[in-house]
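Student: This is the structure, below, for whatever I ask next.
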Amino acid sequence: MAVPTNTTQVTYRMDGEELVTTRETPFDHWWNLEPGEHELVAEVALDTGETLVTEPIVFRVAAWIPPEER
């Protein structure tokens, strides 16, 4: 996702629960996924006080194998 240049933080929510709030570029974060269907939304806070919210991204995880088991 591209963020506006005046972004101060991005909050990621998956399935309605807050995952993380990042305050440093590139505003990314990695997390483990559970099998099943999920919905991801990002809330982008701007230095103007405005908050932008992305459209939900729906995706499905068929299986997850931990790196140590690959």
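The values are calculated or read from the model by the stated rules, or taken from the named source; none is laboratory data. As the structure is a computational prediction, the values presented were derived from the model and not from experiment. Positions of Cβ are backbone-derived with ideal geometry, glycine not excepted, and every protein chain shown enters the neighbour counts. Quick note on the areas: whole protein, heavy atoms, side chains included, nothing else; ligands and nucleic acids left out. Shrake-Rupley method; radii C 1.70, N 1.55, O 1.52, S 1.80 Å.
Student: Checking THR48 against (1) in a strand (DSSP E or B); (2) open to solvent by 70 Å² or more (accessible area, probe 1.4 Å); (3) in contact (Cβ under 8 Å) with a residue 40 or more places away in the chain, only one condition comes out false. Which one?
Tutor: Against the list (1) in a strand (DSSP E or B); (2) open to solvent by 70 Å² or more (accessible area, probe 1.4 Å); (3) in contact (Cβ under 8 Å) with a residue 40 or more places away in the chain, THR48 comes up short only on (1).
Student: Give the residues of the stretch 55-66 that are open to solvent by less than 70 Å² (accessible area, probe 1.4 Å) and under 14 Å from GLY16 (Cβ atoms), sorted by residue number.
Tutor: PRO56
Student: Of the residues in the stretch 25-37, how many are open to solvent by 50 Å² or more (accessible area, probe 1.4 Å) and assigned to a strand (DSSP E or B)?
Tutor: So the count comes out to 1.
Student: Considering only the stretch 4-23, I want to know if a residue exists there that is modelled with pLDDT under 95, part of a loop (DSSP other than H, G, I, E, B) and open to solvent by 80 Å² or more (accessible area, probe 1.4 Å).
Tutor: Scanning the stretch 4-23 turns up at least one residue that is modelled with pLDDT under 95, part of a loop (DSSP other than H, G, I, E, B) and open to solvent by 80 Å² or more (accessible area, probe 1.4 Å).
Student: Still on this structure: Just to be sure before I move on: is LEU40 without any contact (Cβ under 8 Å) to a residue 60 or more places away in the chain, under 10 Å from the mean Cα position of the chain (by Cα) and not in a loop (DSSP other than H, G, I, E, B) in the structure I sent?
Tutor: So LEU40 fits the description; yes.
Student: Now, a different point. Please work out if ASP47 is charged (D, E, K, R), at pLDDT 95 or above and under 19 Å from ALA2 (Cα atoms).
Tutor: For ASP47, the condition - charged (D, E, K, R), at pLDDT 95 or above and under 19 Å from ALA2 (Cα atoms) - is met.
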